[in-house]
Amino acid sequence: MNPRAEKQVQPDKSYDRPTIFYPLKLIRRIMPPLNVITPGLVDYGEALHIQYDMVAQRAAGEIDDTLILLEHNPVITFGRGGKQENVLATTERLKEKGVKVYKIERGGDVTFHGPGQLVGYPIIDLNRRGRDMHKYLRDLETVLIETLKVFGLEAGRKEKFTGVWNDNSKLAAIGVAVRRWISYHGFALNVNNDLSYFGLINPCGITDAGVSSLSSMLGRRVEIAEVIQTVIEKFAEFFKYEQINRMTSLE
């Protein structure tokens with residue numbers, strides 16, 4: 001045998017298969033990413049205008065679906081169905097308490113936001129989710145119900161009302177809006193906030209039910225940071241996001 005003869009190498013049949021390249025659009029449809037922004041305490045007016053900008057950007061395909069999780073300084077907001085008589089405090093009293101007032105486009109009546117309450121604004125494309133507002137609202141409720149369950153608190157829905165409840169006490173309010181089937185506004189979950197502010201209004205126009213918080217129900221203080229992590233996990237689970245991109249700035 002010629003020592004310089006090259007050895008005949010037999011191909012490994014286990015790797016003899018075509019390489020499949022998936023289009024980027026298909027990958028994103030299979031594993032949609034979610035941007036999560038947690039900027040802390042943000043003035044309501046600033047957050048509102050940021051939502052408007054992000055809705056336009058999402059509609060144009062310039063950003064991915066986004067979930068903003070933050071807190072607000074004391075503020076009362078009127079939804080599309082808001083009635084002035086559901087604000088029980090005078091204008092002077094609201095100024096004394098440092099409470100601002102906004103009339104906005106979300107569904108529902110009047111509600112309150114303040115420090116210690118986790119507010120979530122999903123800016124997501126509902127065109128990809130069947131344009132089903134009823135299902136979207138129920139999915140948001142499910143995310144919050146399952147979040148509370150992680151902390152050992154059983155919660156659920158209340159017939160004829162949107163939101164999350166424990167018996168006759170409301171723990172979370174939900175009010176959303178859409179533009180070109182991009183969602184904005186969202187939910188507010190009472191974590192460790194000062195519930196006395198709800199005495200300034202008839203929350204969501206309801207006069208025969210109470211308002212409570214996760215901390216009040218458990219008899220111990222629960223920190224916002226703990227709840228944020230669980231909300232992200234449950235939101236990704238129920239809305240089927242595989243990739244989470246975390247950031248802390250709204251800019």
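The values are calculated or read from the model by the stated rules, or taken from the named source; none is laboratory data. Keep in mind that what you see is a predicted model, and the values were worked out from it rather than measured. Note that we place each Cβ from the backbone using ideal geometry, even for glycine, and neighbour counts take in every protein chain shown.
Just a few scattered comments:
- If only residues of segment 116-130 that are modelled with pLDDT of 95 or more and of a type outside the set (Val, Ile, Thr) are counted, the one that is surrounded by the fewest Cβ atoms within 10 Å (Cβ to Cβ) is ASP125.
- Here is the figure for segment 81-90: residues that are part of a loop (DSSP other than H, G, I, E, B) and among the polar types (S, T, N, Q) total 1.
Residue by residue, here is whether (1) at pLDDT below 95; (2) more than 23 Å from ILE124 (Cα to Cα); (3) among the aliphatic types (A, V, I, L, M); (4) outside any loop (DSSP other than H, G, I, E, B) holds:
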{"residue": "ARG4", "(1), (2), (3), (4)": "yes, yes, no, no"}
{"residue": "ARG17", "(1), (2), (3), (4)": "yes, yes, no, no"}
{"residue": "ASN35", "(1), (2), (3), (4)": "no, no, no, yes"}
{"residue": "LEU48", "(1), (2), (3), (4)": "no, no, yes, yes"}
{"residue": "ASP53", "(1), (2), (3), (4)": "no, no, no, yes"}
{"residue": "GLN57", "(1), (2), (3), (4)": "no, no, no, yes"}
{"residue": "LEU69", "(1), (2), (3), (4)": "no, no, yes, yes"}
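- Matching residues, segment 134-153, being out of contact with any Pro (no Cβ under 8 Å at 6 or more places or on another chain) and more than 17 Å from ARG221 (Cα to Cα): HIS134, LYS135, TYR136, LEU137, ARG138, ASP139, GLU141, THR142, VAL143, LEU144, ILE145, GLU146
- Screening the candidates ARG246, ARG221 for the property of being at pLDDT below 95, surrounded by fewer than 20 Cβ atoms within 10 Å (Cβ to Cβ) and among the basic types (Lys, Arg) yields one hit, ARG246.
- Strands (runs of 3 or more DSSP E) completely within segment 91-168 that count 2 or more residues being aromatic (Phe, Trp, Tyr): 161-166
- Flag if ARG220 is part of a strand (DSSP E or B) and more than 21 Å from LEU70 (Cα to Cα): no
- Residue within segment 183-196 that is buried (at least 19 other Cβ atoms within 10 Å of the Cβ), in contact with a helix residue (DSSP H, G or I) (Cβ under 8 Å, 6 or more places away or on another chain) and in a loop (DSSP other than H, G, I, E, B) present: yes
- Hey, THR162 touching a helix residue (DSSP H, G or I) at 6+ places or on another chain (Cβ under 9 Å), modelled with pLDDT under 95 and under 21 Å from ARG131 (Cα atoms) or not: yes
A quick yes/no check of all residues on (1) surrounded by fewer than 17 Cβ atoms within 10 Å (Cβ to Cβ); (2) touching a helix residue (DSSP H, G or I) at 6+ places or on another chain (Cβ under 9 Å); (3) touching a residue at least 24 places away in the same chain (Cβ under 8 Å); (4) of a type in the set (S, T, N, Q):
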residue: GLY61; (1), (2), (3), (4): yes, no, no, no
residue: ILE68; (1), (2), (3), (4): no, yes, yes, no
residue: THR77; (1), (2), (3), (4): no, yes, yes, yes
residue: ARG80; (1), (2), (3), (4): yes, no, yes, no
residue: THR111; (1), (2), (3), (4): no, yes, yes, yes
residue: GLY114; (1), (2), (3), (4): no, yes, yes, no
residue: LYS135; (1), (2), (3), (4): yes, yes, no, no
